[in-house]
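Novice: One structure follows; several queries about it will come next.
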Amino acid sequence: MAQYLLNDFMIKDYIVAALKEDIGYGDISTDFICAGIDKNKKFEILLKTREEGVLCGCDPFRLVFEVLAKNDVKIEFYKQDGDKITPNEPVAKITGMPRYILTGERLSLNFIQRMSGIATFTKKFQDIAAPYGARVVDTRKNTPNFRIFEKYAVKVGGGYLHRFNLCDCVMLKDNHIALMGGSIEEAVKKVKEHISHAHKIEVECDTIDQVKKCLNAGVDIIMLDNMTFDMIKESVSLINKQAMIEVSGSVNLNNLEEIAKTGVDIISTSAIVAKAPTLDLAFDYAG
């Protein structure tokens, strides 16, 4: 589940930066309301969902309060990342000083709502593709400085990851090829002279002729970009397992099954992140 992506030491700086952005020099609503309240008074809140989905983002949720309040807020989760959650079902209980709970409420919800939404939407895609042996993967079309959370959410939802960043894999697109005079073979030859033996080479194609050139160049992954179904089928037959086949472009829940049926290995789409609706979770006062 790529839990390593969200080790506290990896994400704490993101949480601190988000708290600084949200709080500024102080939460003037909560600070003044809570002034004079007994410091021993405890506030109890239940985290609930108002719609069915896949839970994701427990660690960022927890860390918001740990950074804010150290040991003055206690969180008890009844569910964990990857679990199905249903309307009005308690997901967690938050107990502690009112000042910290109220100040951290919106930010903690922003993390868990957004991540749960991505995980839920990703599962819908992967459930369609899985029976045909295809993997649904994300892209680098991420929210700046939120990539680690979005990619983790994709994994929790049962999806798979493409490149995390630009140094993971060679991906030659149309503009890279254009710089080499339009020659896929020359572009591949040039990068092979410099990359590590551990790096794979992927090339984006939008014509059958480009697919043939990729096979001649010996690339590892051939991306079929915005091709028709007939072109995809022809490419799958032509490649014949000589390279991994990825389909990308205009993928959605309506055409996903037909794409998966063609026999491709990977279906990459930005939709599982960029178009994922936020899952509706909220704080309910418990007493």
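The values are calculated or read from the model by the stated rules, or taken from the named source; none is laboratory data. Just so it is clear, the structure is predicted and the values come from calculations on it, not from any experiment. Here Cβ is always computed from backbone atoms with ideal geometry, including for glycine, and neighbour counts include all displayed protein chains. These accessible areas exclude ligands, DNA and RNA; they are computed on the full protein's heavy atoms, side chains included. Shrake-Rupley method; radii C 1.70, N 1.55, O 1.52, S 1.80 Å.
Novice: Can you say whether MET180 is open to solvent by 40 Å² or more (accessible area, probe 1.4 Å) and touching a helix residue (DSSP H, G or I) at 6+ places or on another chain (Cβ under 6 Å), as far as the supplied structure shows?
Specialist: Against the criterion (open to solvent by 40 Å² or more (accessible area, probe 1.4 Å) and touching a helix residue (DSSP H, G or I) at 6+ places or on another chain (Cβ under 6 Å)), MET180 qualifies.
Novice: If you don't mind, another one. Which of the numbered conditions does ALA276 fail, given that it passes all the others? Conditions: (1) within 21 Å of the chain's Cα centre (by Cα); (2) in a helix (DSSP H, G or I).
Specialist: Tallying (1) within 21 Å of the chain's Cα centre (by Cα); (2) in a helix (DSSP H, G or I), ALA276 fails exactly one: (2).
Novice: Could you grab the pairs with beta carbons closer than 6 Å, sequence gap of 6+ or different chains, first residue in the range 89-104 and surrounded by fewer than 21 Cβ atoms within 10 Å (Cβ to Cβ), second one part of a helix (DSSP H, G or I) and at pLDDT below 95?
Specialist: Qualifying pairs under 6 Å: LEU102/THR30.
Novice: Here's a check for you: in the range 248-266, which residue that is part of a loop (DSSP other than H, G, I, E, B) and more than 18 Å from PHE121 (Cβ to Cβ) is most open to solvent (accessible area, probe 1.4 Å)?
Specialist: LYS261
Novice: Please indicate, with yes or no, whether at least one residue in the range 227-234 is under 23 Å from THR122 (Cα atoms), open to solvent by 30 Å² or more (accessible area, probe 1.4 Å) and in contact with a helix residue (DSSP H, G or I) (Cβ under 9 Å, 6 or more places away or on another chain).
Specialist: Yes, the range 227-234 has at least one match.
For every residue, the table says whether it meets (1) within 30 Å of SER248 (Cα to Cα); (2) surrounded by fewer than 18 Cβ atoms within 10 Å (Cβ to Cβ); (3) of a type in the set (D, E, K, R); (4) in contact (Cβ under 8 Å) with a residue 12 or more places away in the chain.
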site	(1), (2), (3), (4)
CYS34	no, no, no, yes
LYS41	no, yes, yes, yes
THR49	no, no, no, yes
ASP81	yes, no, yes, yes
ARG114	yes, no, yes, yes
THR120	yes, no, no, yes
GLN126	yes, no, no, yes
